[in-house]
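Worksheet: one structure, shown below.
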């Protein structure tokens, strides 16, 4: 009971005190670092990791232990998440921050900006911090992971983790996913790899990974690029040394206060041109097209894209509604407008990148050059 009380206290208070450094004890104890983060510490020789909780299925609860749909999302706080996996204290000294507690569909650009700036401050800005873990709903996890991959660039691992089953289900995957995420974040082998997504014993680059199935545990995969590594008995193994993905762009958000609205339009047969103009009239400052095949749209809609590019100067990025593959500029370009191809970035990641570039005040030419880095032509 004492151990549980101290563990909860470690996440509850936000005071200011000098860190305590003593040998491992039978029960956790608390120290506060220079940024006001309170750690549950069992061993001063262990690395420090901060868990940032946003909600999602990993923090969900169902009406029964067999309910894997129709459950309540974001009903469990960071205290309970960590309390359910005390083994993390054998791997790392843990601090917790509750950023939000919502389903991932309700994660906003404001939440992401706050989260990124917080990580840059208390993780990148603290030499004693090994890395960060972000708990997140899986439906938009890849978008937040891509955002953090672009905006946290100090070399320390930022590991995004979620679950496909709520915490109340039989064989809930959240606890072990969390344990593995903390292990990856605490490992010096994880440095200089960008943001990482860890679920189901797999380690993936946030730049490439995407959710491929709405229900099953084996859902997050980088289809063409492959996983970076795996975990066996909670030991991370990387297949390759650290490498920067082709076309990755680092974004400094320290002076960014908001992200302009960017809409995604899904291409289909007989698509109406007014969907493009309506999005802009409604306030979109940029558009991403989830095009057919390699970014394709109808002839009529292509004329509308060129009108928006030439007359309204609103950037339109053409991506693909296919699950994988490239949109090269050679497939969508013309001599009458400066088309922007997404390369290997899917629509949702293209939206994140375009929003960040607009927040930096980039013009059409500069935006096109950044996206061109993700293409092969």
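Only the coordinates and a few stated rules stand behind these numbers; no lab work does. Quick caveat: nothing in here was measured; it's all calculated off a predicted structure. In this analysis, Cβ positions are derived from the backbone assuming ideal geometry, glycine residues included, and neighbour counts consider all displayed protein chains.
Brief remarks on what is shown
- Long-range neighbours under 6 Å by Cβ, at least six apart or interchain, first residue in contact (Cβ under 8 Å) with a residue 60 or more places away in the chain within region 317-332, second surrounded by fewer than 16 Cβ atoms within 10 Å (Cβ to Cβ): 324/223; 324/224
- In region 135-242, counting only strands (runs of 3 or more DSSP E) that sit wholly within it, the ones holding 1 or more residues that are touching a helix residue (DSSP H, G or I) at 6+ places or on another chain (Cβ under 6 Å) and closer than 17 Å to residue 123 by Cβ span 158-161, 195-199.
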